[in-house]
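The values are calculated or read from the model by the stated rules, or taken from the named source; none is laboratory data. Keep in mind the model is a prediction, meaning the values are calculated, not measured. In this analysis, Cβ positions are derived from the backbone assuming ideal geometry, glycine residues included, and neighbour counts consider all displayed protein chains.
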Ligand code: SF4
């Protein structure tokens, strides 16, 4: 039986409406709202003629670098480097579709990750230390970085996922503008360790669609001991509040792919050093109980973690289950699907 064009459209709209109803019944929001076409934030900024000014403001920060809370004060535009060991050009380790990220980012075609080398944190337990601490990678001009973004879109990735972007934010802005002028239309995801200056995050307002920050530590003593950043907890919290103000909670399209919003990661660590209980309560009380949260279980002893007795082992099943119980206690309702599966697996194993 053939279907008329009108009947086909009616059926398609009906299916979409049914899916939307299912989403709504499950407490999920879909994006964009019915009847509106999704567009990346950066496109609007470009159309309003405000993108170039934003890039100039960002590059001006590099002259006496205070791009992150380290505030090194070096002039990166003439080749000086601070703690992140990066001068003017961004260094890229790799770019590829990645299927290990959160499911709303991965979909069926992968998240288009660009791994930037170097970092403004000095985590003794860094899981990517050859990239983040040793700076392995290739310096790229912004034109080449824009091409990488476009290539990730061309091969079908659902988003451009900027991993460890904090110390190269101006370069990312300029590359994004170039890529947008040449057809980039997928969401921009800012995948940060969380040690971001408020001033820098404010410059991203209207550019970034999805924020994917870590909130690693809640206590100054632990942040100083394990990452050399005593002010990390309050700094990361202020940055995440600003991210949440800009883009709100995570929303997906009808296919379940993230389009916009904040998704927070927190790594459970041995002996409660990350203070997961304080983390989940902070999210519930400062943001919302329906904020997307990924409580991660994959801590492993890497880099110099073996020098610190409290973190020189993997976490136990009990520690992970306790962390997930605290998330329930805090009333969090939007936990990462794989973290829930991990919890259920641990529970079944007893
Ligand atoms: S971005 Fe790098 S140079 Fe600039 S303040 Fe941070 S660590 Fe220092």
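Data overview
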quantity: Failed criterion for residue 185 (all others in (1) part of a loop (DSSP other than H, G, I, E, B); (2) crowded, with 24+ Cβ neighbours inside 10 Å hold); calculated: (2)
quantity: Residues located in the stretch 46-66, provided they are near the ligand (Cβ under 10 Å from one of its atoms), surrounded by 20 or more Cβ atoms within 10 Å (Cβ to Cβ) and part of a helix (DSSP H, G or I); calculated: 62
quantity: Any pair with Cβ under 8 angstrom, 6 or more apart, that starts in the stretch 51-79 at a residue that is more than 24 Å from residue 122 (Cα to Cα) and at pLDDT below 95 and ends at one that is near the ligand (Cβ under 7 Å from one of its atoms) and assigned to a loop (DSSP other than H, G, I, E, B); calculated: none
quantity: Residue count, the stretch 67-79 (criterion: more than 6 Å from the ligand (Cβ to nearest atom) and part of a loop (DSSP other than H, G, I, E, B)); calculated: 4
quantity: All positions within the stretch 132-141 that are surrounded by fewer than 23 Cβ atoms within 10 Å (Cβ to Cβ) and under 24 Å from residue 71 (Cβ atoms); calculated: 133, 134, 135, 139
quantity: From the options 245, 230, 225, residue that is closer than 20 Å to residue 133 by Cβ and part of a helix (DSSP H, G or I); calculated: 225
quantity: Positions within the stretch 80-115 being touching a helix residue (DSSP H, G or I) at 6+ places or on another chain (Cβ under 6 Å), closer than 21 Å to residue 342 by Cβ and in a strand (DSSP E or B), in sequence order; calculated: 111
quantity: Matching residues in the stretch 80-124 - criterion: being under 17 Å from the mean Cα position of the chain (by Cα) and within 12 Å of the ligand (Cβ to nearest atom); calculated: 116, 118, 119, 120, 121
quantity: Count of the stretch 128-144 residues which are in contact with a strand residue (DSSP E or B) (Cβ under 9 Å, 6 or more places away or on another chain), more than 16 Å from the ligand (Cβ to nearest atom) and under 30 Å from residue 221 (Cβ atoms); calculated: 2
quantity: Of all residues making up the stretch 116-148, the number that are in a strand (DSSP E or B) and in contact with a helix residue (DSSP H, G or I) (Cβ under 6 Å, 6 or more places away or on another chain); calculated: 1
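For (1) over 27 Å from residue 126 (Cα atoms); (2) at pLDDT 95 or above; (3) within 12 Å of the chain's Cα centre (by Cα), each residue gets a yes or a no:
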residue	(1), (2), (3)
144	yes, yes, no
159	no, yes, yes
165	no, yes, yes
182	yes, yes, no
192	no, yes, yes
200	no, yes, no
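Yes/no matrix, rows are residues, columns are (1) more than 22 Å from residue 213 (Cα to Cα); (2) under 25 Å from the mean Cα position of the chain (by Cα); (3) modelled with pLDDT of 95 or more:
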residue	(1), (2), (3)
300	no, yes, yes
310	yes, no, yes
314	yes, yes, yes
318	yes, no, yes
321	yes, yes, yes
324	no, yes, yes
335	no, yes, yes
340	no, yes, yes
350	yes, no, no
